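My structure is below; once you've seen it, I'll send some questions.
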Amino acid sequence: MVSASEFAATAAASPHVPFGLDGVVVADTRLSDVDGEQGRLTVAGYSLEQLVESHTFEAVVGLLGCGRTPALSEVAQLRAALGEARLGAHRWLAERRGRSSSPECMLALRAALGSYELRSPTPEPEATLELVALASVATCHWVREQQGRALLEPDPNAAHAADLLRLMHGRAASAVEARALDVYLMSVVDHGLNASTFAARVVASTGSDLVSAVTAAVGALKGPLHGGAPGPVLDMLDAIGTASAARAWLEHELAQGRRIMGMGHRVYRVRDPRACVLERAFQTLAEGTPALAARLDLARAVEAEAEALLAARSKGRALKANVEFFTALLLDALAVPREAFSGVFSAGRMAGWCAHFYEQRSTGRLLRPSSRYVGPPVEPGR
Ligand code: COA
């Protein structure tokens with residue numbers, strides 16, 4: 001019989017990949033690349049900075065779907081088709097109102113997706129547009145329902161980001177606000193093999209359907225270590241209140257063994273490039289609004305203190321601001337309630353999940369890793 005210690009030694013010696021799969025490559029993708037050392041995000045051949053500078057969210061959805069920037073006429077078609085898809089999503093959600101309601105936005109979204117049947121299951125662009133529209137409209141409707149306000153009907157002729165803000169708030173967004181949300185949606189549209197995208201690809205690899213894959217992805221994104229951090233970032237900024245209180249507050253959190261939300265990343269060893277892009281978008285939004293400018297000053301002070309404290313604690317491991325840090329500020333400035341932040345994230349990332357679903361399916365290969373057994377050995381005669 002193998003003793004427990006012999007067994008543990010055997011288990012430890014067996015080949016295995018890093019705990020957490022860090023650095024393990026399990027897919028080839030044309031969609032996006034994350035360079036964690038240099039802090040670069042590439043999306044289908046564009047740097048993130050180029051992407052947000054020269055595209056709209058609708059164009060990026062097209063770019064991920066067909067691998068090239070759509071011509072202006074195609075973008076106009078995509079915009080109209082996404083508008084129609086929002087209307088379709090609204091009708092479907094309004095009909096089944098109450099059936100998937102939940103006090104948690106991501107649970108409501110998961111429930112809606114769980115019972116959703118695609119109207120266009122086969123053609124790639126249409127199915128993607130349907131699901132992008134569903135996640136977007138479901139999140140806006142969830143906000144309205146939580147506030148006890150009537151649901152609004154999408155305007156199929158409007159730009160996607162502008163329409164989402166109107167659906168949520170019941171007033172037309174300014175051009176600057178609409179642009180800020182557009183930049184946000186593009187910034188989060190795809191990000192290598194993050195946990196939710198991996199979840200979607202695993203489901204895709206089994207031959208399962210698109211809705212099942214993106215429902216799994218929503219479940220993964222809901223976790224605070226992945227997409228659930230921006231709400232707590234805002235809680236942190238509120239609790240800190242003034243720059244002078246930042247150090248003591250952060251030290252106390254760390255002493256309690258808690259993580260600083262919005263800081264650190266599995267891949268980036270420098271500041272997350274999405275944080276930089278969103279910080280700039282927030283700065284534009286804050287121009288001429290002293291309250292927002294003060295918020296930005298506070299956030300920068302907290303970021304600097306957190307970075308210094310984390311550097312002192314984790315020598316050799318750089319923990320810098322991630323996408324969630326400035327997501328919190330930006331979405332809050334757009335009056336998105338913090339409980340809906342992950343829903344808005346899903347609305348952007350949905351396009352990436354769908355593109356990864358089709359890419360994974362095209363390989364025809366089942367993703368099926370192995371585990372290392374560390375349980376008790378079999379005892380003969382038991
Ligand atoms: N605050 C405090 N400590 C942190 C930290 C944070 N935000 N992020 C990592 N650490 C510490 C860990 O406690 C660990 O310390 P230890 O070695 O003494 O145990 C060390 O850094 C390495 O952490 P690990 O969990 O291995 O890193 P990871 O690669 O899994 O971390 C995250 C990635 C994102 C999960 C992590 O940085 C985190 O939890 N951040 C806060 C949540 C967040 O903002 N999520 C959004 C991500 S986009």
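The values are calculated or read from the model by the stated rules, or taken from the named source; none is laboratory data. Keep in mind the model is a prediction, meaning the values are calculated, not measured. For neighbour counting, all protein chains shown are included, and Cβ atoms are generated from backbone atoms with ideal geometry for every residue, glycine included. SASA here: full protein model, heavy atoms, side chains in, ligands and nucleic acids out. Shrake-Rupley method; radii C 1.70, N 1.55, O 1.52, S 1.80 Å.
With just the Cα atoms defining each centre, how far is the range 303-382 from the range 210-232? Give it in Å.
Using only Cα atoms to place each centre, the spacing works out to 8 Å.
Each residue of the range 86-91 in turn: what ³J(HN,Hα) in whole Hz from Karplus with 6.51, -1.76, 1.60 and θ = phi - 60°, glycine and Pro shown as x?
Result, ordered by residue: 4, 4, x, 5, 4, 5 Hz.
Now a separate question. Identify the trypsin sites (Lys or Arg not before Pro) of the range 159-261 meeting these criteria: DSSP loop state and at most 15 other C-beta atoms within 10 Å of the C-beta.
Values: sites: Arg166, Arg171, Arg179, Arg201, Lys222, Arg247, Arg258, Arg259; in loops: Arg171, Lys222, Arg258, Arg259.
Listed in order of number, the matching sites are Arg171, Arg258, Arg259.
Search the structure for amide H atoms under 5 Å from the amide H of Ser32, placed 1.01 Å from N in the peptide plane, and list their residues when 5 or more places away or on another chain.
Ala44, Gly192
Moving on to the next point. Among the GluC sites (Glu not before Pro) within the range 274-382, which fall in a DSSP loop and have no more than 11 other Cβ atoms within 10 Å of their own Cβ?
Glu287
At 0.36 nm per residue, and after removing the present C-alpha to C-alpha distance, how many nm does the segment from Arg171 to Ser244 gain when stretched out fully?
Full extension from Arg171 to Ser244 adds 22.6 nm.
Oh, and also: Could you please state, rounded to a whole Å, how far the C-alpha centre of the range 45-72 is from the C-alpha centre of the range 149-189?
Measuring centre to centre over Cα atoms gives 19 Å.
Another one. Quick check: residue separation of Glu95 and Ala150 times 0.36 nm, minus the Cα distance between them. What number comes out in nm?
Computed gain between Glu95 and Ala150 is 18.4 nm.
Over the range 239-280, give the accessible area per residue in Å² for a 1.4 Å probe, as an integer.
Working: 2110 Å² over 42 residues.
Solvent-accessible surface per residue comes out at 50 Å².
Starting with the highest mean, order 345-353, 70-78, 365-373 by the number of other Cβ atoms within 10 Å, averaged over the residues of each peptide.
345-353, 70-78, 365-373
Tabulate in residue order the Karplus-calculated ³J(HN,Hα) for the range 241-253, using 6.51 cos²θ - 1.76 cosθ + 1.60 with θ = phi - 60°, rounded to whole Hz; enter x for Gly and Pro.
x, 10, 4, 5, 8, 4, 4, 4, 5, 5, 4, 4, 4
Just to confirm the filter: which chymotrypsin sites (Phe, Trp or Tyr not before Pro) across the range 131-229 are DSSP coil and have at most 12 other Cβ within 10 angstrom of their Cβ?
none
If you don't mind, another one. So, with a 1.4 angstrom probe, what is the percent of accessible area on the chain that is carbon and sulfur? If you can, show how the numbers build up before the last one.
Values: 9610 of 17680 Å².
The value for the chain is 54 percent carbon and sulfur by accessible area.
Going 7 Å from the Cα of Thr206 in the Cα-to-Cβ direction, what parts of the range 356-372 have a backbone nitrogen less than 11 Å from that spot?
Only 367 fall inside the zone, counting backbone N under 11 Å.
Ranked highest first by the average count of other Cβ atoms within 10 Å around their residues, in what order do 24-32, 189-197, 223-231, 46-54 fall?
Averaged packing, sorted descending, gives the order 189-197, 223-231, 46-54, 24-32.
OK, next. Quick one: if you stick a label point 7 Å off each Cα along the C-beta vector at Tyr373 and Leu254, how many nm between them?
About 4.4 nm, to one decimal.
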